[in-house]
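See below for the structure under consideration.
The values are calculated or read from the model by the stated rules, or taken from the named source; none is laboratory data. Computed from a predicted model, the values in this text were never measured in an experiment. Cβ placement follows ideal geometry from the backbone for every residue including glycine, while neighbour counts extend to all protein chains displayed. Areas reflect the complete protein model, heavy atoms only, side chains present, ligands, DNA and RNA absent. Shrake-Rupley method; radii C 1.70, N 1.55, O 1.52, S 1.80 Å.
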Amino acid sequence: MIYFQEIIKKTLLKQEEKFFHGISFIIISLITIHIAVYFNFYKFSSNWLELESKKTTFIISNSIDEKKIPLDVTERITNYLSGKSEKIEFYVIDSNLIKESLGLTNLSDMSGLSLPFIFQIVTDDKFILDEVYASVISISENRLIEKYSHQDQLFEISSFVNRIKLIIFMMFLVIITLFAFLVMNIVKAALISNYKFLEMLQIMGASSFDLSKNISQSIIKKIVPGAILSTIFVYLLSTLLMKLFGVNFDFFDSSFFIEINVTTFIILILFIVTFLIVLLFFLMSYLFYFFEKRFFDKF
Amino acid sequence: MNEIFFLDNISIFSKKKKIENINLKICRGDFFVIKGSNSTGKSLLLKLFYLKLLPSKGSLFLNGKKITEESKKKIIENRKKMGVILQNDYLIPFFTVYQNIELASQIQNLKTSFAQRMNEISEWLDLDDIKNEKIMNLSNSQKQKVVIARALINNPNIIIADQPETFLDEVSTRKIFYLLESLSKLGSTIIITSSKDPHIKSSHKILELN
């Protein structure tokens, strides 16, 4: 028993088979790498932005005659914040870190430099923020306190991040469109060079739908090996990149690496299945149009 | 007699050829021959019968129903019931004779047993010895016989042939014409173009194109 699809497989695109495997591996790798980068960048940036936007920095300035905020005041503030640890997270910025970020590490404590007391709290509850602000003013004995919400300062960064996401998405669309056109043109060239054979099938009574369905399935089968290989390749590549660069993102918890790897893998699999199904329908529609146009000879 | 084809004042205009004002009726069991010198449009007219072409003017009726661009489903059904033999017809070179014929039976959804029908046809056309040969190893006359066998596998009601004697020797040509006539007597409608007058008989319906 011979099968219609087997004949099409052996007749059409026989010479292009290796080319199809190669090109589908390269281009689908490019497409899936965009998916992996977009997803990982999206995940990273949204996690980072979410965490940062909850932060508020408090800067308590010294009185004129003070080089440092007195220890009893900072202790009282720390104790107050610790008492609220169920509702908020807080970080006290170490004075050495302030010096380091200002490039003043070599300056001795005996110099005239006065360092403020800086701490950050993590909460998006405005009521708690106001309460902390009011309490800290009173604990700090009416020293000057500046409060900066990170959310206001993140506007520029988030618009920059969105621009990067848009660029990745646009590149993805461009490559996917080029790939679809490339496949379409290779198929069109193969169909035209084998048209005598296809016309014979049409005269025998093969419908445009049957022809387009069988040819599309045959083409997809030629793309599948390259697509699977490219998915595995991109998954391994993204894991490697995360291993190399992701370790510094210490604000994620330890399970993050495993979580992001598993989700990347699932997303890549889902994408490749969806991509192949969409490509199958796209090819079917194109081929159906091709055969319907040639159903009758027209002069 | 059952009317199979009715051509009502049909004209076909192609880029190079023109066939005008044809009125004819072909009935069940007719042996219809289209005659004419080269480039008179015999093959063009034949395309109309195997429904690959629609008339530029006039109406074509098949089994009493008008064939239009919209009746594609009906056209596909009718194409499956036809056996078409074309000049330089396409056979798949790396498949065997058997597989090439089997392909036609699959597309046309052969109702009876393929093996039984294949045996009958192989016997008629002397294909028994080459049944398992690949097409690329066959001579032109053997290929022509395979094309004929492929057209007949589905026991078609209508057989359309464009110069079926092409590449065949005198003995084989006579045999093919005898076979087609027998099928016509059994009720199949035969429409052929032919350049060989000795095989055309007075019982045949003839259309001469100028």
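Observations on the model:
- Count - residues of the stretch A:124-169 that are farther than 15 Å from residue A:81 by Cβ, surrounded by 14 or more Cβ atoms within 10 Å (Cβ to Cβ) and of a type in the set (A, V, I, L, M): 5
- Contact map, the stretch A:286-299: residues that are within 7 Å of another protein chain (Cβ to nearest Cβ) and at negative phi paired with residues that are assigned to a helix (DSSP H, G or I) and open to solvent by 30 Å² or more (accessible area, probe 1.4 Å), Cβ distance under 8 Å, separation 6+ or inter-chain. Pairs shown: A:295/B:72; A:297/B:47.
- Within the stretch A:12-60, being within 14 Å of another protein chain (Cβ to nearest Cβ) and crowded, with 19+ Cβ neighbours inside 10 Å holds for one residue alone: A:12.
- Output for the stretch A:200-236, where each listed residue is open to solvent by 50 Å² or more (accessible area, probe 1.4 Å) and away from chain B (no Cβ under 14 Å): A:217, A:221, A:225, A:228, A:229, A:232, A:233, A:235, A:236
- All conditions in (1) away from chain A (no Cβ under 12 Å); (2) in contact with a Gly (Cβ under 6 Å, 6 or more places away or on another chain) hold for residue B:34, with the sole exception of (2).
- Single residue of the stretch B:92-144 satisfying the filter (touching an Asp or Glu at 6+ places or on another chain (Cβ under 8 Å) and of a type in the set (Gly, Ala, Ser)) that is most open to solvent (accessible area, probe 1.4 Å): B:141
- Residue count, the stretch B:1-18 (criterion: within 12 Å of chain A (Cβ to nearest Cβ), out of contact with any Pro (no Cβ under 7 Å at 6 or more places or on another chain) and part of a strand (DSSP E or B)): 2
- All of (1) modelled with pLDDT under 90; (2) surrounded by 16 or more Cβ atoms within 10 Å (Cβ to Cβ) hold for residue B:88 with one exception: (2).
- Residue A:189 being loosely packed, with under 13 Cβ neighbours inside 10 Å, more than 14 Å from chain B (Cβ to nearest Cβ) and modelled with pLDDT of 85 or more: yes
- Here the helices (runs of 4 or more DSSP H) wholly within the stretch B:80-172 that include at least 3 residues being without any contact (Cβ under 8 Å) to a residue 24 or more places away in the chain and under 30 Å from residue B:2 (Cβ atoms) are B:114-125.
- Residue A:182 away from chain B (no Cβ under 14 Å), on the phi < 0 side of the Ramachandran plot and in contact with an Asp or Glu (Cβ under 7 Å, 6 or more places away or on another chain): no
- Of all residues in the stretch B:19-31 being among the aliphatic types (A, V, I, L, M) and more than 14 Å from chain A (Cβ to nearest Cβ), the one that is nearest to the chain's Cα centre (by Cα): B:26
- Test result for residue B:72, within 11 Å of chain A (Cβ to nearest Cβ) and open to solvent by 60 Å² or more (accessible area, probe 1.4 Å): no
- Selection status of residue A:82, more than 14 Å from chain B (Cβ to nearest Cβ) and either in contact with a Leu (Cβ under 8 Å, 6 or more places away or on another chain) or open to solvent by less than 30 Å² (accessible area, probe 1.4 Å) (or both): no
- Within the stretch B:1-23, being out of contact with any Asp or Glu (no Cβ under 8 Å at 6 or more places or on another chain) and within 21 Å of residue B:164 (Cβ to Cβ) holds for one residue alone: B:5.
- Whether a residue is of a type in the set (Phe, Trp, Tyr), in contact (Cβ under 8 Å) with a residue 60 or more places away in the chain and farther than 30 Å from residue A:188 by Cα was assessed, and residue A:20 does not pass this test.
- Qualifying residue in the stretch B:152-165 (condition: touching a Cys at 6+ places or on another chain (Cβ under 8 Å) and either among the hydroxyl-bearing types (Ser, Thr, Tyr) or open to solvent by less than 20 Å² (accessible area, probe 1.4 Å) (or both)): no
- Selected residue (only one of B:43, B:37, B:59 is open to solvent by 10 Å² or more (accessible area, probe 1.4 Å) and under 26 Å from residue A:197 (Cα atoms)): B:43
- Looking across the stretch B:75-84, the residues that are of a type outside the set (S, T, N, Q) and open to solvent by less than 50 Å² (accessible area, probe 1.4 Å) come down to B:75, B:76, B:79, B:80, B:82, B:83, B:84.
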